[in-house]
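Please read the structure below before turning to the comments.
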Amino acid sequence: MPEIRFNLKSKILTPVIIMMILMVIIALVFSSVRFSGFAQSLFSDSVDLAARSMIKYLEDSELNTQATAVSLAANQEIRQAVVRRDTENILRLLDPVIKPNDVDFITVADRLGIVLARTHAPDELGDSILNQNSVFNALNGKKGTYYMSDLGICVSIQSSSPIYDRFGALIGSVSVGVWLDRAETVDFLKEHYNAEFTIFYQGTVAATTIYQYGQRVVDAALPDNIANIVTENGREYFDSRANILGEPFSIYYYPLLNAYGEVFAVITAGNSNVSLINEINAIIVGVAAIGGSMLIIAIFILYRIVAGITRPVKNLGVLVSEVSRGNLASHESDGAAAKDEVGDLTLDVHKLINVIESVLGDISQLTQEYTENGDFDYRIGIDKYSGTYREIAEGVNALLSVTVDDILLIINSLEQIIDGNFNLENKRLPGKKVIVNDAVENLRMNITSVNTEINKLIKAAIDGELKTRGVIESFKGDWSILIGRLNRLMEVWETYLDICPEALLILDKDLRIVYANKLYNKNFGAASVVDMIFENDRDAHPTLDTLLSSFSGEHNFQLTLTTDTHPKYYSIACTPMIVKNEIISVYVLATDITALTLEKEKALEANRAKSEFLSRVSHELRTPMNAIIGMSNIGAKEAGLGANHKITDSFSRIASAGSHLLSIINDVLDMSRMEAGKLDMHPAPVNIGETVADCVRLLNQSADEKMIALTSAVDDRLSVPLMVDAFRLRQVFINLLSNSIKFTNQNGAVSLDVLLLEDNPEQSRVMFEVKDNGIGMSPEFMRNIFIPFEQDSVFLERKYEGTGLGLSICHKIITQMGGSINVTSEIGKGSVFRIELLLDKINPAADDPGDAPLEEDYTYRSIKGVNILLVDDIEINRMIVSSIFEDEEVNICEAENGAEAVSIFNGSLEGYFGLIFMDIQMPVMDGYQATEAIRKLPRGDAGTVKIIAVTANALSSDADKAIKVGMDGHIAKPVDFNEVIAVTKKFCGV
C-alpha cells in the first residue's frame with residue numbers, strides 16, 4: 001500500500017480550520033451565556049445601587065432633620081418667641097431655615113404639646129401633638145427621630161428636640177420633618193438614582209414614579225406575599241420577578257418602622273426587565289452572525305497566506321542545499337525575492353554568501369601583502385561589514401595600528417576617570433581602537449553606576465525608606481563589597497528603629513506611609529495613625545501643613561483603640577524632617593499611655609468618690625446642725641422671755657459653737673469643690689466700697705469683744721462698679737479679717753484698705769490690704785501658709801481654734817479670679833496680706849447699672865393668714881420651721897413625706913396653699929418626685945404654687961437640680977430664720 005503524503009499546505013490548513021470552527025462555536029455559546037448572566041447581574045447591581053442610594057437618602061434626611069431640630073432649639077430668638085407664644089415671629093424665623101437645610105416642614109409646640117406654629121399648615125394651630133412619640137420624648141428632655149404621620153402627611157421622617165429657656169426650664173419642642181409621600185420626593189429619587197420609586201402607606205400606594213395611560217398609578221396595593229415578608233416580618237426583600245401592570249420588574253422593598261417598631265410604610269426601588277430581555281436576545285443573534293462571517297473570512301485569508309508562504313520556502317530549501325555542498329556561485333540575483341519574512345530570509349542567505357566571499361577575499365589579500373612586501377600597510381575596509389564580521393575586521397586593524405600616542409591617550413583617559421571626570425566622549429581613541437575604547441567606557445560606566453547606587457541609598461536613608469537596598473548583582477569585586485556594606489548600614493538603621501521602645505511611623509510629604517517599625521506594625525498594622533485620628537471626619541483630613549500646625553504648640557493628639565479586652569490609649573507626636581529648608585518626611589511617634597490613662601481615670605474616680613462622700617457627710621452633718629442651731633435659737637428666745645440670763649447665755653453659746661462647726665463644714669466643702677475644679681465664679685457689677693463696709697460691719701461685734709480697732713479705707717477713685725463675684729470676694733475678706741481679729745491681742749488694730757493701682761477705660765487693677773499688729777507668723781510657716789490644714793506651731797497648743805483651711809481657700813479663690821495674694825509677717829509684730837486683682841469695668845453701651853431694676857424691699861409685707869405646707873420627715877426640723885412663724889400668725893400644715901404632701905395638696909381647695917417648704921431626702925417619695933407630681937396635677941394652682949427646697953443638700957448643683965424639677969427656690973440647712981421669713985414675704989406677702 002503506497003504511503004500517503006500530505007504537502008505543507010494541507011498540514012497547516014486542515015487542523016487550523018477545524019480548530020477555528022470549534023473555537024467560534026465555543027466562543028459564541030460561552031459569550032452568549034456569560035453576557036446573559038453579566039447583563040442580568042449588571043441590571044441587579046443597578047437596582048441594588050439605586051436601593052442603597054435610596055437608603056442613604058433616608059439616612060441623610062434623618063441627619064438633616066436632627067441637626068436642624070437641635071440648631072433651632074438652641075436659637076435664642078426662637079426661645080423668646082416660644083415664651084411669648086408669638087406664632088407670627090416663629091414662622092418668620094422658621095421659613096428661611098427649610099430650604100438651606102433640605103427639610104420640608106417644621107412644627108413648634110409648647111411644653112404641653114399644643115402647636116404654636118406649622119410651616120406646612122400655618123393656619124392650623126392649637127391642636128395637641130403630644131401623641132406623637134418624637135414630641136412626647138422631646139417634652140421629656142429627649143431628642144429623637146422617627147418615621148411617622150402628621151397633619152395631612154401619610155409618611156415622613158421627623159426629628160424633635162426639647163427647647164429650654166435661659167434658666168434651663170423646658171418650654172416646648174421643635175419638630176423638623178421631610179415628606180416621603182410626595183410626588184416631588186419620588187421624582188427627585190428617580191432623577192438622581194435612575195430607577196422607579198414607590199411609597200406604600202398601610203399597603204396602598206401613597207406616591208410613585210410609575211405611570212399608566214399618562215397618569216401615576218395610585219390605586220395599586222402591596223402584593224400579599226410581599227406584605228407577609230416585608231410588613232409583618234419587618235425585613236428587606238429583593239424580587240427579581242415582580243409583575244407590575246403586566247410587565248416584569250426587579251424591585252427592592254425596604255420597610256419603614258414607626259416608634260413602636262412596627263412597619264407602617266414601605267419604600268421600593270426598581271426597574272423594568274423588558275429592555276434587559278430584548279437587549280440580551282438582540283446581542284446573542286448579532287454575535288452569532290458576526291462570528292460566522294468572521295470565520296468564513298478568516299478561512300479564506302488563511303488559505304491565501306499559507307499558499308504565499310509555502311512557495312518561496314520550497315525555493316529557499318533548494319538554495320540552502322546548494323550552499324551546504326560548497327557551491328557559493330550557485331545563487332542568482334535576489335531581486336525577485338518576496339517582500340515578507342521568507343523573502344527577508346532568502347535575501348539574508350544571499351547576503352551571507354556575499355559576506356563569506358568578501359571575508360575570504362580580504363584574508364587572501366592580507367596574506368598576499370605580507371607574503372610579497374613583509375608589512376601590514378593593507379587595512380580591511382570595515383564599512384561593508386556589520387556585527388561579528390565588523391568586530392573581527394576592527395580587531396585585526398587594531399592589532400596592526402597600535403602606536404605610542406595611542407597608549408598615551410589611553411593613560412590620559414584613565415587619569416580623567418581617576419579625577420572623577422566620567423564624560424569621555426571627546427577623549428575616545430580613533431575608531432580603529434575599538435577594544436581599548438570599550439574597556440575605558442566600561443570602567444566609566446561601572447563608576448557611574450556605583451555613584452548612582454550610592455546616591456539612591458543616601459536619598460532613601462534621608463527620606464526614611466529604610467527597606468531600600470542596592471543591587472549587589474550588578475557589580476563585581478570591590479564595587480560589590482562597597483554596595484553590600486551600604487546595604488548592611490541600612491539594615492543596622494532599620495534594626496535600631498525596630499528595637500525602638502516606641503511605635504514609629506515615617507510619612508512622606510504627601511502623608512503616605514514610607515516606613516513603620518515592628519512595634520508600630522504590631523500595634524496598628526498597615527493603617528496610618530493620621531488616618532485613624534481623622535477617620536470620623538474625612539473632610540478634615542489634613543495636608544502636610546495643617547497636620548504639622550495641628551501638632552504644634554501645646555495641642556496634643558491622643559488616639560484610642562478598642563481591643564477585645566480593654567481599650568488602649570496612645571499619645572501621638574509629630575516631627576518634620578527638613579533638608580535645605582524643605583520638609584521631605586514626617587516622623588510620627590505613638591507612645592502607649594494606657595497605664596497612665598487608666599491611673600488617671602482611677603484618680604478621677606477616687607476624686608468623684610471623695611466628692612460624693614463629702615456631699616453625703618455634708619447632708620448628714622447639716623441635718624443635726626439644723627436641730628442644734630435651730631433649737632438653740634428657740635431655747636434662747638424662750639429663755640429670754642423668762643429673763644433667765646444664764647440659760648439664755650448657754651443657748652447662745654450652743655448656737656455660736658454650732659455656727660463655728662457649720663463654718664468648718666463649709667470650708668471643707670469649699671476645698672473639695674476647688675480641688676475638683678467645680679468652684680464656679682459669677683461676676684456681677686459690685687461697688688467695692690459697699691462690699692468692704694458690709695464685711696467690716698459684720699465683724700464689728702467680734703472686734704469690739706476683744707477691744708480691737710477695726711477700720712477700713714477705700715480709694716476715692718473706686719466709685720465705678722467693677723465686675724467680680726461679690727460672694728467669693730466677701731468670703732476672702734471675712735476670712736482674712738476674722739484671722740486677723742483672732743490672732744490680735746486686746747487693744748490691737750486691724751484694717752482693710754483698698755487702693756487703685758492702675759486704671760484704664762476697660763479694666764482697673766486694685767490692691768486690697770488686710771493689716772494687723774497681732775502675733776505674726778514664723779518664716780517656716782509662711783512657706784506653707786496656703787497649703788490646706790497647715791498651722792503654725794502656736795496652733796499645736798490649741799490656744800486658737802481653726803482647721804487650717806481658710807487661707808488655702810482664699811488663695812484658690814483669688815487665683816481663680818486671675819489675681820495674686822501674698823503675705824509679709826514677723827513674729828510679735830503682726831501680718832500684712834496683699835491681694836491684687838485686675839477687674840473689668842462695666843461696658844456702658846451694654847450694661848448700665850443705673851438702668852438695672854432695683855431689688856424690691858419685701859420686709860414691709862405682711863404674711864398674716866398665709867397657709868404653708870411644711871414637708872419634712874424629721875419632726876424636730878418641722879418644729880424649728882414652725883417656731884419661726886409663731887409671731888407671724890400663719891397657718892402651718894405638716895406632712896412627713898412627699899407622697900403625703902401630694903395627697904394633702906391635691907385634697908385642698910384650689911389656691912389654699914400659698915407656699916410649700918419641701919425637704920429633699922424623705923422616705924416613700926423624695927422632694928424632687930413630690931414636686932414633679934404636684935406640678936402635673938390637673939388643677940389650676942399646680943403650676944403656680946411656690947415650692948421652696950429646705951434641705952441639707954447644700955451644694956450649688958443641688959440648688960440647680962431643685963430649679964430644674966420645678967421648684968422656685970433653695971434654702972440650705974441649718975436654716976437662717978431671717979431667710980425663711982424673707983422668702984415667705986417675697987412670695988406670699990401683701
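The values are calculated or read from the model by the stated rules, or taken from the named source; none is laboratory data. This structure is a prediction, so every number in the text was calculated from the model and none was measured. Cβ coordinates were reconstructed from backbone atoms using ideal geometry, including for glycine residues, and neighbour counts include every protein chain displayed. Surface accessibility is based on the protein's heavy atoms, side chains included, excluding ligands, DNA and RNA. Shrake-Rupley method; radii C 1.70, N 1.55, O 1.52, S 1.80 Å.
Remarks
- Protein-only accessible surface order, largest first, of Leu91, Leu72 at 1.4 Å: Leu91, Leu72
- Spin-label pair Asn978/Glu391, simplified geometry with 7 Å Cα→Cβ offset, distance in nm: 11.8 nm
- Full extension of the chain between Met879 and Leu838 gives 10.0 nm of extra length, using 0.36 nm per residue less the Cα-Cα distance.
- Sequence ranges 255-263, 576-584, ranked by mean other-Cβ count within 10 angstrom, highest first: 255-263, 576-584
- With protein chains left intact and a 1.4 Å probe, residues in region 874-990 average 45 Å² of accessible area per residue.
- Solvent-accessible area per residue, Å², over region 137-269 with all protein chains present [probe radius 1.4 Å]: 48 Å²
- Taking chymotrypsin sites (Phe, Trp or Tyr not before Pro) across region 159-243, the ones in a DSSP loop with at most 13 further Cβ atoms lying within 10 angstrom of their Cβ are Phe167, Tyr213.
- Of all accessible heavy-atom area on region 120-178, the percent that carbon and sulfur account for (1.4 Å): 52 percent
- Estimated at 0.36 nm per residue, the fully extended path between Asn745 and Ala573 surpasses their Cα-Cα distance by 55.9 nm.
- FRET efficiency for the Lys509 to Val471 pair, using the beta carbon distance and R₀ = 30 Å, is estimated at 0.70.
- Ranked by the mean number of other Cβ atoms within 10 Å per residue, highest first, peptides 743-756, 893-906 order as 893-906, 743-756.
- Length gained on full extension, Asn281 to Glu191: 29.6 nm, using 0.36 nm per residue less the C-alpha separation.
- The accessible surface of region 909-959, taken with every protein chain in place and a 1.4 Å probe, is 56 percent carbon and sulfur.
- A probe of 1.4 angstrom, applied to the heavy atoms of all protein chains, finds Cys154 with accessible area near 50 square angstrom.
- Exposure ranking of Val47, Val720 by accessible area [1.4 Å probe, largest first]: Val720, Val47
- What the Cα convex hull of region 940-981 gives, in volume per residue, is 62 Å³.
- Accessible surface of His566 - all protein chains present, 1.4 Å probe, nearest 10 Å²: 90 Å²
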